[in-house]
Amino acid sequence: MRARGTTPIGGAQSGVTVATTTEQVEALRPLWQSMSVSNLDADIDYFLAVVAHLPGVIAPHVLSVERPGRPAMIIVARLERHVFPVTVGYTELLRPHLKTVVVSFDGILGAQSEDDLAAAVLALRSTLRSGRADAVILQKVGLQSALHRAAVAGSARVTRIGGIAATRRWLVTLPDTLDLLLEGRSVKARKKAHYESRRLRRTYDSVEVIRLDRVELERVLGEIEAVARTTYQRALGVGASESALGRALTTLSFERGWLRVWMLHIDGSPAAFWWGNQHGDTFSVDTPGFDPRYTKDGVGTFVLHAMLDELCQDPTVAVVDFGHGYAEYKERYASQSVEQRDVIVLAARVRPLLTGQFVALLATVNRMAYRLLRNRSFATRLRRTWRARLTERRGAD
């Protein structure tokens, strides 16, 4: 069913059309593909694959906003039964959920001004007022961005979940060679990387990095799974996955030519990989993986350098996006970072507001604990211990 309504924006009437079926989304394809899409997550085919295969998704919820005298906008979003997990470390304690409109990363297409972004926020709030959803999530919004200002100005403070920790999105602008990129690292770190590379080649009979995306798809899926199932990320439910969603997105990326995979073979067997998708002049890194049997061999860094070496020489790639969230390698290799946070706006109803207060309280506690632990060596050791236990538990299963 297609829902239609009007929302007053800046004294004018705004037409808001909601596409809630695949057929209605497809009807937007000509307009959608005429717009600049800066993030693969907001590509129409990628979006439809997520909607079709992500557990918990109820339906597409793509808003088309038309206003007199202004260009049309598309807000790429899905309606889902969204879980707000309450965690301590890597342990999940509770799973409260709300019916939520989740906007894709960089999913407001066609906006050309702060007024346009304000109109988009108002259109999203109309979904909450209509009762179709209990919450709206704008994912990883830059704290200094126009969208963040519009989201804060366009919603009452009591309806926003507070206490959510900011994360950083890490990027590196590529020079022409890997050596130039590594100049930003210490002499000691560069010598260590060279030493570990030579030691790896001395230790094993055959050490080879191959571009898996240049072979057949089934081999790509098989070798990635062979490594990914041994990693701690699999125990956390992140990274490469044999799920229907993981397979669908990898297949789509392979078929569309976005996918890049660097796989390390040691004595003929897959041991570690780095991978991601190229969209425009940006290569976005997905979660890497390595077999924990080779932890002391530095295989992760070995493949990372092979990937960066090739990307530096590729004239079609200008930026590597390591994604959001902290990792030691991101801080070491990134040349810039942007502070981001999810903006979560709740419907002004009892259940959403109470759920939001509970989530905010636990988020504040977690953020305070993180601040206490960060920059402490024992925090790093604690994370590694958790990950090792998860990997061992995964192996036992």
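The numbers here are math on the coordinates, done by the rules we state, and not lab data. Note that this is a predicted model, so its numbers are computed, not measured. So basically every Cβ, Gly included, is an ideal-geometry build from the backbone, and we count neighbours across all protein chains shown.
Couple of notes before you dig in:
- Extension gain, Ser269 back to Thr251 (0.36 nm per residue minus Cα-Cα distance, nm): 4.2 nm
- The stretch 175-317, relative contact order [Cα under 8 Å, separation at least 6], %: 28 percent
- Evaluated at q = 0.20, 0.21 Å⁻¹, the base-10 log of the normalised Debye intensity for the stretch 175-317, with identical point scatterers placed on the Cα atoms, takes the values -1.30, -1.39.
- Footprinting exposure proxy for Arg201, Arg78, Arg70, Arg157 (fewest neighbouring C-beta atoms within 10 Å first): Arg157, Arg201, Arg70, Arg78
- Per-residue 3J(HN,Hα) values for the stretch 275-290, derived from phi via the Karplus relation 6.51 cos²θ - 1.76 cosθ + 1.60 with θ = phi - 60°, read 7, x, 10, 9, 10, x, 9, 10, 9, 9, 7, 8, 5, x, x, 8 Hz in sequence order (x marks Gly and Pro).
- Projecting label points 7 angstrom from Cα along Cα→Cβ for Arg202 and Asp342 puts them 4.8 nm apart.
- In this structure, the pairs whose alpha-carbon distance is over 25 Å, taken from Lys140/Lys188; Lys140/Lys192; Lys296/Lys330; Lys191/Lys296, are Lys140/Lys188; Lys140/Lys192.
- Put a dot 7 Å past the Cα of Met368, heading toward its Cβ, do the same for Tyr326, and the two dots end up 1.8 nm apart.
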